[in-house]
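Notes for the one structure printed next.
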Amino acid sequence: MKIERTGNQEPTVGGAGANGFSLDATDLAILALLQENCKQPLAEIGKRVGLSAPSVTERIHKLEDAGVIQGYCAVIDARALGRDVTAFIGVEIEHPGAFDVFEKEISQIADVLECHHVTGQHTLMLKAKARNTEALERLIATLRSVPGVQRTETVVVLSSYLERSGVAIDLDREALPRRGRKSGKRSRDERRAQ
């Protein structure tokens, strides 16, 4: 399967994208490995996808330049930092003109981790992590004070079964192209196997 980028930078399945950038099976495998552990050596990634470390580096730079890879981060246990309360906050905005003001305001609030425009009874859905219920209550009061907010509804998380930060990548590792050795020499692993 080939996934290609269109002019609006959204991945699509099919022919060549408007900007000519496409993701092949090796790119997808590299992305999956980086999501698994972005600190692993490039030589290890190369070994697993059949490329040299410099070739992996080149592909990663192309993926970064195309905006497929948007950054790298550590996944941190929020509770270890005292952020014990997770909540989803539905926000109803009274007029579309109030979006810009609201988005500007919440981008300044560190406890708000995500903001999504959604269907249903709410206009926006926020994910927040706060130190305790008092801090969550202050956050809700702050949100309600933003011009254009008509109402909010908060759901507090009691426990989390699953929280992923990675994107699902459909990948058939068996379909990856394998490069043969250019010289007649056997690799160290091949010599050990005998």
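A few comments on the model shown:
- Candidates Thr119, Thr86 - the one that is in a loop (DSSP other than H, G, I, E, B), modelled with pLDDT of 95 or more and either within 24 Å of Val156 (Cα to Cα) or under 20 Å from the mean Cα position of the chain (by Cα) (or both): Thr119
- Taking the stretch 32-44 as the range and being assigned to a helix (DSSP H, G or I) and more than 14 Å from Ile169 (Cβ to Cβ) as the test, the residues that pass are Leu42, Ala43, Glu44.
- Selected residue (criterion: surrounded by the fewest Cβ atoms within 10 Å (Cβ to Cβ)) from residues of the stretch 24-53 that are under 23 Å from Ser165 (Cα atoms) and among the basic types (Lys, Arg): Lys39
- When the test is whether a residue is of a type in the set (Lys, Arg), in contact with a strand residue (DSSP E or B) (Cβ under 7 Å, 6 or more places away or on another chain) and outside any loop (DSSP other than H, G, I, E, B), Arg138 does not pass it.
- Filtered by the rule that a residue be hydroxyl-bearing (Ser, Thr, Tyr) and either touching a helix residue (DSSP H, G or I) at 6+ places or on another chain (Cβ under 8 Å) or at positive phi (or both), the stretch 73-114 gives a lone residue, Thr86.
- Filter result for Thr152 (among the hydroxyl-bearing types (Ser, Thr, Tyr), more than 24 Å from the chain's Cα centre (by Cα) and modelled with pLDDT of 95 or more): yes
- Considering residues of the stretch 54-83 that are over 19 Å from the mean Cα position of the chain (by Cα) and closer than 24 Å to Val167 by Cβ only, the residue surrounded by the most Cβ atoms within 10 Å (Cβ to Cβ): Val56
The values are calculated or read from the model by the stated rules, or taken from the named source; none is laboratory data. From a predicted model like this one, the values you see are computed outputs, not experimental measurements. Neighbour counts are summed over all protein chains in view; Cβ atoms, including those assigned to glycine, are modelled from backbone coordinates with ideal geometry.
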